[in-house]
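Novice: The structure follows.
The values are calculated or read from the model by the stated rules, or taken from the named source; none is laboratory data. The shown structure was predicted, so the numbers you read here are calculated from the model rather than taken from an experiment. Methodologically, a virtual Cβ is constructed for each residue, glycine included, from the backbone with ideal geometry; neighbour enumeration extends over all protein chains shown.
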Amino acid sequence: MSHHAPPAAPSRSWHDFLIEHAQVLSITLFFILCCVLFSILSPFFLMPDNLLNVLRQMAPLLVTAVGMTFVITTGGIDLSVGSIVALTNAVCALALQAGLPWPIATLLVLLLGGIVGLAQGWFVSYQKIPSFIVTLAGLSILRGIALLLTRGYSIPIDEPSAAPLLTLGRGWILGFPIPALLAIVILAAGAFVLRETRYGRYVTAVGANAEAARRVGIPSARILTSVFVLTGVTSALAGLLIAGRLGSGSSNTAEGFELDVIAAVVLGGTSLLGGTGTILGTVLGALTIGVIGNGLILVHTSPFLVQIVTGAIILLAIWLNTRIFGRLSAGRKG
Amino acid sequence: MSRSAEPLMSLSGIRKVFGSNTVLKGVDLDLYGGECLGLVGDNAAGKSTLSKVMSGAYIPDGGEIRLGGEVVHIAGPSEARRHRIEMVYQDLSLCDTIDVAGNLFLGRELSRSGVLNKAEMLRKGREMLDALDIRIPDMRAKVAMLSGGQRQSIAIARAASFAPRVLLLDEPTSALAVAEVEAVLALINRVKAQGVAVVLVTHRLQDLFRVCDRIAFMYEGNKVAERRMEDTNLDEIVRLIVGGNRDEATALDQAGARS
């Protein structure tokens, strides 16, 4: 074994690089493959308008996926994000309708997302109930509250004073959609925090080995709670973006959204077992899902096929991923 | 190895009860700096419980712990650490998906206003390993990629970096390949040479002869014997572990099965 190997070579071997980044590399390859395929099949695919449109539509998912990457890195899951989006989306519209100025409504909604996350995180980390159960309950309860508040109606956002919020969801700056810009900022911040800060390191440590983390004095329970606050706030932001884009708030927003978000994160190589997560992978995973949906529509397949193909591709990509990853690390250890 | 004149840590009459089961029945034990004590005994003899009492994981129901002559009450692992008592648990102390440097500094990361100072951790981590002559080619390799021996070495180096007075090692060499066992034992000797009181809990009797100066034998919650390494041999060790009330042939058979 390398116990007796000479001290650190300055450059790391290709093999090490491949193993360590196998997950991100394979999703990158997959993403490029999808792009090439659709650009051959449809002349419209690579047009800037189309690509920017994909990005604009993906913005809520990308934002929420940042929070989800943190949660899954700790080894947990948050099934309630779609319902938080619906609740915050509805509350935003109701607050504006009640005459609250838009900055207050925005703050209120973000705070609501944070509190919901805090409550769920408390049950997960301090009461030791599996996150799957807590957030499954959240999924049901929160959408129920949204339905109760709106009585199932869609609430229009037509107050002139709320115009800046609509711009947030619809506007463009220098030929670039504002929601996409916002998503990029959140993604960059998320990537920095996860990779470069002490907090990000603790998130990874709790997911990798909670017992070891606890023994060296990392406040595991607080870290575990905080990641659910992150999904809460990012979901609330997604709810705002959707409210802005559609100009209304509805309890039916973002149904099945949690599955897309989880799929994007997992496709990006973040392990459901915890301990490994990258925002770059998540971005690529989300974009792959977005591109497949967009591409299949551009090549005029039945819209019903999109779901089938997306599901199949997730399975295929992750299967390949585990095979490649498994083989590489087995080769290393053997 | 020259050991300290006075014991660094001194246990007297340590008792521990779980329900109706008395696991430790009044154990006396002295630990000296620069000395390695082997703590052996069959399963359920109380050696794990005793090491957990020393590391603060269990609070004893009776008896006294003295550190450097003063009576202390160790109420938990963090308090044990404050008293400079470190424990390396069997393969439980590392985060697989974090790199070598990150693991060495786990829980006490070097950072500037929350942002990790990775370069400094790489440099100081390398120094920590060099000080104990541990060779890990790549400080940025994820710990999952390393061999069992390298992982154990990193766990020990991390514990040693807290400048402990007492270092407790729980089965550090079980599940390691032969060459790796050698490396870990050599490492234990280097830690010992720094004046640390090392306690080695192990089932591997051959390791005792390589690093220990003294052996304490646990049997059914009592310390039944203590031997200096030079005054004993494998036969006697096996006899004392199995309780001395069986014939030698059975004892030797069991030793064969164990190692």
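Novice: Test B:SER174 against the criterion of being closer than 30 Å to A:PHE17 by Cα and polar (S, T, N, Q), and give yes or no.
Specialist: Numbers: closer than 30 Å to A:PHE17 by Cα: no; polar (S, T, N, Q): yes.
No.
Novice: Return the pairs, sorted by first residue and then second, in which the second residue is charged (D, E, K, R) and surrounded by 24 or more Cβ atoms within 10 Å (Cβ to Cβ), the first residue lies in segment A:81-93 and is at negative phi and free of Cβ contacts under 8 Å to residues at least 24 places away in the same chain, the beta carbons are less than 7 Å apart, and the residues are 6+ apart or on different chains.
Specialist: none
Novice: How many residues does segment B:42-81 contain that are more than 14 Å from every other protein chain (Cβ to nearest Cβ), of a type in the set (S, T, N, Q) and within 14 Å of the chain's Cα centre (by Cα)? Give the derivation first.
Specialist: Filtering segment B:42-81 for residues more than 14 Å from every other protein chain (Cβ to nearest Cβ) gives B:42-51, B:53-54, B:58-75.
When the remaining residues are screened for being of a type in the set (S, T, N, Q), the result is B:43, B:48-49, B:51.
Okay, now just the ones that are also within 14 Å of the chain's Cα centre (by Cα), so B:48-49, B:51.
Qualifying residue count, segment B:42-81: 3.
Novice: Test each condition in (1) closer than 30 Å to A:SER161 by Cα; (2) buried (at least 23 other Cβ atoms within 10 Å of the Cβ); (3) of a type outside the set (D, E, K, R) for A:SER131 and report the one that comes out false.
Specialist: (1)
Novice: Only residues that are of a type outside the set (Val, Ile, Thr), over 19 Å from the mean Cα position of the chain (by Cα) and not in a loop (DSSP other than H, G, I, E, B): list them for segment B:220-234, please.
Specialist: B:ASN222, B:ALA225, B:GLU230, B:ASP231, B:LEU234
Novice: Another question, then. Quickly run through segment B:135-155 and pick out the residues that are part of a loop (DSSP other than H, G, I, E, B) and buried (at least 23 other Cβ atoms within 10 Å of the Cβ).
Specialist: As a first pass, look at segment B:135-155 and keep what is part of a loop (DSSP other than H, G, I, E, B): B:135-141, B:146-147.
Correct list: B:ILE136, B:LEU146.
Novice: Quick one: would you say B:LYS118 is charged (D, E, K, R), without any contact (Cβ under 8 Å) to a residue 40 or more places away in the chain and in contact with a helix residue (DSSP H, G or I) (Cβ under 9 Å, 6 or more places away or on another chain)? Quick ask: steps written out before the conclusion?
Specialist: Numbers: charged (D, E, K, R): yes; without any contact (Cβ under 8 Å) to a residue 40 or more places away in the chain: yes; in contact with a helix residue (DSSP H, G or I) (Cβ under 9 Å, 6 or more places away or on another chain): yes.
Here the answer is yes, as B:LYS118 does meet what is asked.
Novice: For B:ARG210, which of the numbered conditions (1) surrounded by fewer than 20 Cβ atoms within 10 Å (Cβ to Cβ); (2) part of a helix (DSSP H, G or I); (3) among the charged types (D, E, K, R); (4) modelled with pLDDT under 85 fails to hold?
Specialist: It is condition (4) that B:ARG210 fails.
Novice: How many residues does segment B:156-182 contain that are farther than 23 Å from B:LEU106 by Cα, assigned to a helix (DSSP H, G or I) and in contact (Cβ under 8 Å) with a residue 12 or more places away in the chain? Walk me through it before giving the result.
Specialist: From segment B:156-182, those farther than 23 Å from B:LEU106 by Cα are B:174-182; that's our starting set.
From what is left, the residues that are assigned to a helix (DSSP H, G or I) are B:178-182.
Checking which are in contact (Cβ under 8 Å) with a residue 12 or more places away in the chain leaves us with B:179-181.
Count: 3.
Novice: Does B:SER174 satisfy the condition of being closer than 22 Å to B:LYS124 by Cβ and either under 15 Å from the mean Cα position of the chain (by Cα) or more than 13 Å from every other protein chain (Cβ to nearest Cβ) (or both)?
Specialist: Taking the combined requirement at face value, the residue does not satisfy it.
Novice: Would you be able to say whether some residue in segment B:140-149 is within 8 Å of chain A (Cβ to nearest Cβ), under 18 Å from the mean Cα position of the chain (by Cα) and under 18 Å from B:ALA186 (Cα atoms)?
Specialist: yes
Novice: From the list A:ALA213, A:ALA238, A:ALA205, A:ALA221, exactly one residue is of a type outside the set (Lys, Arg) and farther than 26 Å from B:GLU86 by Cβ. Which is it?
Specialist: On the way: A:ALA213 fails: farther than 26 Å from B:GLU86 by Cβ; A:ALA205 fails: farther than 26 Å from B:GLU86 by Cβ; A:ALA221 fails: farther than 26 Å from B:GLU86 by Cβ.
Just a single option satisfies the conditions, and that option is A:ALA238.
Novice: While we're here: Need the failing condition index for A:GLY152 against (1) farther than 30 Å from A:GLY99 by Cβ; (2) more than 14 Å from every other protein chain (Cβ to nearest Cβ), just the number.
Specialist: All conditions pass for A:GLY152, except number (1).
Novice: Starting from segment A:248-263, keep only residues that are under 25 Å from A:PRO160 (Cβ atoms) and free of Cβ contacts under 8 Å to residues at least 24 places away in the same chain, then list their pairs with residues that are in a strand (DSSP E or B) and not aliphatic (A, V, I, L, M) whose Cβ atoms are within a distance under 9 Å, requiring at least 6 positions of separation or different chains.
Specialist: Listed by first residue and then by second, the contacts come to nothing, as the list is empty.
Novice: Does segment B:82-92 include one or more residues that are aliphatic (A, V, I, L, M), within 13 Å of chain A (Cβ to nearest Cβ), buried (at least 19 other Cβ atoms within 10 Å of the Cβ) and over 28 Å from B:LEU240 (Cβ atoms)?
Specialist: no
Novice: Moving to a separate point now. Please state which one of A:GLY249, A:GLY217, A:GLY200 is over 22 Å from A:LEU187 (Cβ atoms) and surrounded by fewer than 24 Cβ atoms within 10 Å (Cβ to Cβ).
Specialist: Numbers: A:GLY249 fails: surrounded by fewer than 24 Cβ atoms within 10 Å (Cβ to Cβ); A:GLY200 fails: over 22 Å from A:LEU187 (Cβ atoms).
Of A:GLY249, A:GLY217, A:GLY200, the one residue that is over 22 Å from A:LEU187 (Cβ atoms) and surrounded by fewer than 24 Cβ atoms within 10 Å (Cβ to Cβ) is A:GLY217.
Novice: Another question, if that's okay. If you scan segment B:111-129, which residues turn out to be facing chain A (nearest Cβ under 9 Å) and not polar (S, T, N, Q)?
Specialist: B:GLY114, B:VAL115, B:LEU116, B:LYS118, B:ARG126 - these are the residues of segment B:111-129 that are facing chain A (nearest Cβ under 9 Å) and not polar (S, T, N, Q).
Novice: If I filter segment A:278-305 down to residues being in contact (Cβ under 8 Å) with a residue 12 or more places away in the chain and more than 20 Å from the chain's Cα centre (by Cα), which single residue comes out as surrounded by the most Cβ atoms within 10 Å (Cβ to Cβ)?
Specialist: Start the filter on segment A:278-305 by keeping residues that are in contact (Cβ under 8 Å) with a residue 12 or more places away in the chain, which leaves A:278-296, A:298-299.
Pick out the ones that are also more than 20 Å from the chain's Cα centre (by Cα) and you get A:295-296, A:298-299.
Values: A:GLY295: 23, A:LEU296: 21, A:LEU298: 17, A:VAL299: 14.
Checking each candidate, the answer is A:GLY295.
Novice: Being within 21 Å of A:ALA264 (Cβ to Cβ) and buried (at least 24 other Cβ atoms within 10 Å of the Cβ) narrows it down to one residue among A:GLY121, A:GLY138; which is it?
Specialist: Step by step, each of A:GLY121, A:GLY138 is checked, and only A:GLY138 is within 21 Å of A:ALA264 (Cβ to Cβ) and buried (at least 24 other Cβ atoms within 10 Å of the Cβ).
Novice: Could you tell me how many of the residues in segment B:13-41 are more than 20 Å from the chain's Cα centre (by Cα) and aromatic (Phe, Trp, Tyr)?
Specialist: Matching residues across segment B:13-41 total 1.
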